[in-house]
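J.: Below are the C-alpha cells for one structure; questions will follow.
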Amino acid sequence: MDVNLNQLKVFHVAAKLQSFTRAAEALFLTQPGVSKHIRDLEDYYGVRLFDRLGKKVVLTQAGDILYARTETIFNAIDQSKVEIDELQGFERGALKIGASITLGIYVLPGILSRFRHLYPRIELCLDIVLNRQVADKILDNAIDIGFLGAPVADDRIRSGAFMKDELVLIVPAGHAWAGKDAVEAHALAAQPFIISQQGSGTRRVIEERLAQAGVVLTNCIEFGHTEAVKKAVESGLGVSIISRAAITREEHLGVIRAVRLAGIDTTRDFYFAYRKDKYMTRAAKTFLECAVYGEDPGR
C-alpha cells in the first residue's frame with residue numbers, strides 16, 4: 001500500500017487538533033473514516049503514530065517525526081497556491097496580520113484603513129493577541145506578518161523596528177501625582193501598581209526597565225488587557241505604565257493623567273516580524289512598506 005496525500009492530511013489535522021472526532025468534523029469525514037486512514041498509515045510505517053488517552057490522542061515519537069514532515073509538505077502546498085495566485089494580479093488576495101494588543105487596537109487600524117483605501121480588493125484579517133502569541137503564530141504560519149511591542153529572539157524570524165513609542169506613567173485624575181510634571185521611578189515601589197498579564201510586550205519592557213533602575217514593585221494587581229488596566233487606574237485601584245498611544249481618549253476626557261517618569265528610559269520600538277523562510281506576497285510586502293514608511297510605496 002502506498003501512502004497518499006489524503007491520508008497524510010487526515011493524520012496532520014488529527015495531530016494538530018489532538019482528536020479524531022474533531023479532525024473528522026474539520027475534514028467532513030466520519031470518525032471511523034479518520035481512524036481507518038490512521039490505521040493504514042500505522043500499518044505502512046509499522047509503528048504506532050498516536051497514543052490514545054481517552055478522547056484525546058497524543059503523538060508518539062514516530063508521530064512527531066511524521067508530523068514535522070507533513071507540516072513542511074502542507075506549508076509548501078499552501079505557499080505554491082499563494083505564488084500561483086499572484087500571477088493573476090496583485091490587487092486580489094488575502095493578508096493575515098497578527099498584532100500585540102497595543103499595536104492591534106491603537107496603532108494598526110489607521111494603517112489598515114489607509115491600505116484598504118488603496119487596495120480595496122485585498123481581504124484583510126487582523127488577529128490581536130499577546131506579544132508572545134504573535135511570535136507563535138508567525139512560527140506556525142498562521143499569519144503573514146506580525147507586529148509586536150517587544151522584540152522576539154528566534155533565528156527563524158526576521159524582524160525590525162518600524163516606529164517609536166513612548167511609555168508614560170498614568171494616574172487617576174484625583175491622584176496626588178496628577179499635577180506633577182514628572183515622578184521618580186523609585187516612587188512607584190510604594191504605590192499599588194496595575195500591570196498587564198504575562199506574555200504582554202508592554203509588561204516585558206516595563207519589567208526590564210524598572211529592574212535596570214533597581215525598582216522593585218511589591219504591590220501589583222494583574223489585569224489581562226490594556227483596556228482593563230486603564231479602567232482600573234481610572235477607578236483609583238492604582239497607577240500603571242502604558243503606551244501613550246493607548247490613552248488619547250482618556251486624556252481628552254480628563255479621567256486619566258499622563259505623567260513623565262524620571263529615572264528610566266521610557267522610549268521603545270515597535271517591531272514588525274515574519275518567518276525568514278516564508279514566501280512574502282506582494283500584498284504583504286506592500287502592507288509592510290505602508291506601515292514602515294507611512295505611504296503607498298507604489299505611488
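J.: Have a look at Val47, Val3, Val13 and point out the one that is modelled with pLDDT under 90 and of a type in the set (Val, Ile, Thr).
T.: Only one candidate passes the filter, namely Val3.
J.: Something else about it: From the set of residues in the range 251-264 that are closer than 20 Å to Gly174 by Cβ and not in a strand (DSSP E or B), which is least open to solvent (accessible area, probe 1.4 Å)?
T.: Gly254
J.: Any idea how many residues of the range 105-141 are outside any helix (DSSP H, G or I), more than 24 Å from Glu227 (Cβ to Cβ) and in contact (Cβ under 8 Å) with a residue 40 or more places away in the chain?
T.: Final tally of qualifying residues: 3.
J.: Let me ask something else. Within the range 139-151, how many residues are in contact with a Gly (Cβ under 8 Å, 6 or more places away or on another chain) and open to solvent by 40 Å² or more (accessible area, probe 1.4 Å)?
T.: Number satisfying all stated conditions: 1.
J.: In the range 1-23, how many residues are closer than 20 Å to Lys137 by Cα and part of a loop (DSSP other than H, G, I, E, B)?
T.: The number of residues fulfilling the criteria is 1.
J.: Restricting to the range 188-213, what's the tally of residues that are among the polar types (S, T, N, Q) and part of a loop (DSSP other than H, G, I, E, B)?
T.: Within the range 188-213, residues that are among the polar types (S, T, N, Q) and part of a loop (DSSP other than H, G, I, E, B) number 4.
J.: Yes or no: Val34 over 26 Å from the mean Cα position of the chain (by Cα), outside any helix (DSSP H, G or I) and not basic (Lys, Arg)?
T.: no
J.: Looking at the range 69-93, I want the residues that are within 21 Å of Asp140 (Cβ to Cβ) and of a type in the set (Ser, Thr, Tyr) and have a partner that is assigned to a helix (DSSP H, G or I) and at pLDDT 85 or above with Cβ atoms under 6 Å, at least 6 apart or on another chain. Which pairs are those?
T.: Partner pairs satisfying both residue conditions: Thr70/Leu8; Thr70/His12.
J.: Can you pull out every residue in the range 155-169 that is more than 19 Å from Ala284 (Cβ to Cβ) and not hydrophobic (A, V, I, L, M, F, W, C)?
T.: Correct list: Asp155, Lys164, Asp165, Glu166.
J.: Tally up the residues in the range 214-250 that are among the hydroxyl-bearing types (Ser, Thr, Tyr) and either in a helix (DSSP H, G or I) or more than 24 Å from the chain's Cα centre (by Cα) (or both), please.
T.: Within the range 214-250, residues that are among the hydroxyl-bearing types (Ser, Thr, Tyr) and either in a helix (DSSP H, G or I) or more than 24 Å from the chain's Cα centre (by Cα) (or both) number 4.
J.: Which pairs do you get when a residue that is under 30 Å from Leu169 (Cα atoms) and at pLDDT 90 or above, found in the range 265-290, comes within reach of a residue that is open to solvent by 40 Å² or more (accessible area, probe 1.4 Å) and assigned to a helix (DSSP H, G or I), reach meaning Cβ atoms under 9 angstrom, with the pair 6+ apart or on two chains?
T.: Asp265/Arg209; Asp265/Gln212; Thr266/Arg209; Arg268/Arg209; Phe272/Val292
The values are calculated or read from the model by the stated rules, or taken from the named source; none is laboratory data. On a predicted model such as this, the values are computed, not experimentally measured, just so you know. Note: ideal-geometry Cβ built from the backbone for every residue, glycine included; neighbour counts use all protein chains shown. Ligands, DNA and RNA are excluded from the accessible area calculation, which covers all protein heavy atoms including side chains. Shrake-Rupley method; radii C 1.70, N 1.55, O 1.52, S 1.80 Å.
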